[in-house]
């Protein structure tokens, strides 16, 4: 079984610390990017507006009112 000197162990620990710090910084950047809803909203503004209009129409009873309007015209 190979044994490492205390200096080799210290270098290994320091290299692991450095790698961990870099990974943590990269993760922080990815999390910040993934949770940035404002930029996602800006990139998809047209789709968001269309979705909001459709949702408003449906919530306001637009479909039911439109169907009722067409039924009345047929009579």
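Annotations for the structure displayed:
- Helix 6-34 and the long axis of the chain differ in direction by around 10°, with both axes built from C-alpha atoms.
- Spacing of the two label points (7 Å from each Cα toward its C-beta) at residue 16 and residue 60, in nm: 6.3
- Folded to 0 to 90 degrees: helix 45-59 orientation relative to the chain principal axis, Cα: 50
- Label selected from (i) 5.1; (ii) 11.6; (iii) 10.7, the criterion being mean projected area of the Cα convex hull in nm² as computed here: (iii)
- If the segment from residue 5 to residue 41 were pulled out straight at 0.36 nm per residue, it would be longer than the present Cα-Cα gap by 7.5 nm.
- Principal-axis tilt of helix 62-74 within the chain, Cα atoms, nearest 10 degrees: 20
Since every read-out is calculated from the coordinates, none of them should be taken as a lab result. As the structure is a prediction and not an experimental result, all values here were calculated from the model. No Cβ is skipped: glycine too gets one built from the backbone with ideal geometry, and neighbour counts run over all protein chains shown.
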